[in-house]
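> I have a structure here, written as structure tokens, and I will follow up with some questions on it.
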Amino acid sequence: MSSEAAAAPSTSQDAGASTSGLPAAAKAAAEAAVKTAISETVPEEGEINESEENGVNGDAKKDGAAAGGIRTVFSDPANFNVVHPLYSKWILWFDNASKQNKARDWNEQLQEVMSFESVEEFWGLYNNIVPPSHIAVNSNYYLFKSGIKPAWEDAANENGGKWSIQLPRDKNRDTIDKFWLYTMLAAIGETFETPYGQTPTPDMPFTDEVTGVIVSSRKAFYRISIWTRSADSRAKVEDIGKHLKFGVLGIPQGSKVGGGYSTDVEFQSHRDSQIKGKKPAFTV
């Protein structure tokens, strides 16, 4: 992972500088998550940070006073005293439906890896797991909001659907990891929930449509999916598909999906996806 993607701004003055290498949607997601957190945690000049006032860490308090009181994981990875909370709590799940595991019930295969609710926890998790390009064929990573199981039967998913795209495995071994990272950043930054092409702001309409995102490893392709709560209205979910296609994958608007992809970015309800041969409802 590049240092550009791994770092995030530690002050409001330099917000955005460290994520400049990301696509627009992923950049906006990372910046929005961090800016929101900074606005809630960085005190005005002369104020004392609450964590220091309460003596959360005596050494951090003493060192922090000398350094202005605020140290994040981005400025001091070992002794930071401030974390940047995300809007939602998330859980990463993993399963491996390899030949030796096929006889096992899917619920037994599905494993909860870790939950997180801050920018720091996300990067700690991301930097210590196997990337999608190295997981076994028929394995999946599921990143879902806390309280929602990555299953059609879950109440949050049962009436929903998914946006997905398949990428030929042999042509995307070197790109699937960054596409998955950008997808996760857009998800935890809640970018998918906002109108496409606009930088998220506190007063912008928020859909709460996305329940989770998935990357799947198959023999011939990788697949990235974004699950939604509803599937009955294109208007409700279309912006999510646009964020995936144009923001995360970087396909120019108005262009057709090229030879590096097996499919377009397609939407299908979970009910329809269980019917063999059923075509997607629509694309972007």
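The values are calculated or read from the model by the stated rules, or taken from the named source; none is laboratory data. These numbers come from a predicted model, not from an experiment. Quick reminder, even Gly has a Cβ in these numbers, built from the backbone with ideal geometry, and neighbours come from all protein chains shown. To get the accessible areas, we keep the full protein, side chains included, count just its heavy atoms, and leave off ligands, DNA and RNA. Shrake-Rupley method; radii C 1.70, N 1.55, O 1.52, S 1.80 Å.
> Give, as residue ranges, the helices (runs of 4 or more DSSP H) completely inside the stretch 101-180 that count at least 3 residues that are surrounded by fewer than 16 Cβ atoms within 10 Å (Cβ to Cβ).
106-109
> Out of 204, 184, I need the residue that is open to solvent by less than 50 Å² (accessible area, probe 1.4 Å), aliphatic (A, V, I, L, M) and at pLDDT below 95. Which one?
Going through 204, 184 in turn, just one is open to solvent by less than 50 Å² (accessible area, probe 1.4 Å), aliphatic (A, V, I, L, M) and at pLDDT below 95: 204.
> Another question, then. Among the residues of the stretch 188-200, is there at least one that is at pLDDT 95 or above, under 18 Å from the mean Cα position of the chain (by Cα), over 20 Å from residue 233 (Cα atoms) and not in a loop (DSSP other than H, G, I, E, B)?
The answer is yes, given that some residue of the stretch 188-200 is at pLDDT 95 or above, under 18 Å from the mean Cα position of the chain (by Cα), over 20 Å from residue 233 (Cα atoms) and not in a loop (DSSP other than H, G, I, E, B).
> Also, I was wondering about something else. If I ask for residues that are part of a loop (DSSP other than H, G, I, E, B) and modelled with pLDDT under 60, which ones from the stretch 57-100 would you list?
Of everything in the stretch 57-100, those that are part of a loop (DSSP other than H, G, I, E, B) and modelled with pLDDT under 60 turn out to be 57, 67, 68.
> Taking only the stretch 220-233 into account, find how many residues are of a type outside the set (A, V, I, L, M, F, W, C), closer than 16 Å to residue 131 by Cα and open to solvent by 10 Å² or more (accessible area, probe 1.4 Å).
1
> What single numbered condition from (1) over 17 Å from residue 152 (Cα atoms); (2) open to solvent by 50 Å² or more (accessible area, probe 1.4 Å); (3) not in a helix (DSSP H, G or I) fails to hold for residue 236?
(3)
> Which residues, counting only those in the stretch 192-212, are within 19 Å of residue 162 (Cβ to Cβ) and not β-branched (Val, Ile, Thr)?
192, 193, 196, 208, 209, 212
> Another question, then. Taking residue 267, is it buried (at least 21 other Cβ atoms within 10 Å of the Cβ), within 25 Å of residue 145 (Cβ to Cβ), touching a Phe, Trp or Tyr at 6+ places or on another chain (Cβ under 8 Å) and among the aromatic types (Phe, Trp, Tyr)?
Yes, satisfied.
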